[in-house]
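Input: a single structure, listed below in structure tokens.
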Amino acid sequence: MLLPIVNYGHPALRRKGARIEALTPEIRQLAADMLETMHRASGVGLAAQQVARALQLTVVDVRGVEDRPSTMEIGGRPAKPEEHMPLVLINPEIEPHGAPDTGPEGCLSFPEIYADITRPETVTVRAQNERGEILEFRAGGLLSRAIQHEYDHLQGILFIDRMTAETKRGLQPELDRLQAETKAWLRAGKLPADARDVPLVR
């Protein structure tokens, strides 16, 4: 089922996600719905906060992105990222590695807003998937960037927080417009005011 993606200005985007203690049918359904929503929106990642759930859950799928390659290692051996997509990451833990790498990023909660963001070039990930399996791997390229971006969401951190001051100043009119639009929808009761107001299953 498609879920509404909330935009900048919604309080859910600033909420740190709660740890998921049990893989209930509702959590599995939420993960499936998030994957469907992400694919329909042509995104490569989506965090629970972006669908107004403050949980440690994100989904990632970098298949089909040929101009920004991804790398993956499992058990110290190279793996083909496309063979392990899509990823459902529950309660993820990450450890960034390597030199700073600057590259373009967008976000489904910031429509039509893009900026260069600097992040470590690789990341080691440990998480649980929707089947309860433990995933451990190292990611590079777009996959690393997407996972770090989504992990930030789970902590209530947005990619605008990673922008340089100069970049953010240049985008400020667009950010102000988007935030005002979202708050107007909230005041009108067209969006839930808080992540806790949204049931896991609709």
Of a type outside the set (D, E, K, R), out of contact with any helix residue (DSSP H, G or I) (no Cβ under 6 Å at 6 or more places or on another chain) and loosely packed, with under 15 Cβ neighbours inside 10 Å: does that describe A127? no
Can you name the residue in segment 65-109 that is in a strand (DSSP E or B) and of a type in the set (D, E) and is also farthest from V125 (Cα to Cα) among such residues? E105
Taking into account only those residues within segment 16-34 that are within 14 Å of R131 (Cβ to Cβ), touching a residue at least 40 places away in the same chain (Cβ under 8 Å) and assigned to a helix (DSSP H, G or I), which is nearest to the chain's Cα centre (by Cα)? A31
Being assigned to a strand (DSSP E or B), surrounded by 14 or more Cβ atoms within 10 Å (Cβ to Cβ), of a type in the set (F, W, Y) and touching a residue at least 60 places away in the same chain (Cβ under 8 Å) is the requirement here; does F137 meet it? yes
From the list G140, G103, G76, exactly one residue is modelled with pLDDT under 95 and more than 22 Å from R15 (Cα to Cα). Which is it? G76
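Per-residue answers, yes or no, for (1) surrounded by 14 or more Cβ atoms within 10 Å (Cβ to Cβ); (2) polar (S, T, N, Q); (3) within 23 Å of S144 (Cβ to Cβ):
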position	(1), (2), (3)
L3	yes, no, no
T24	no, yes, no
I27	yes, no, no
L35	yes, no, yes
M38	yes, no, yes
V44	yes, no, yes
Q56	yes, yes, yes
D61	yes, no, yes
R68	yes, no, yes
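The values are calculated or read from the model by the stated rules, or taken from the named source; none is laboratory data. All values derive from a computational prediction rather than experimental measurement. FYI the Cβ positions are ideal-geometry reconstructions off the backbone, even for glycines, and counts take in every protein chain you see.
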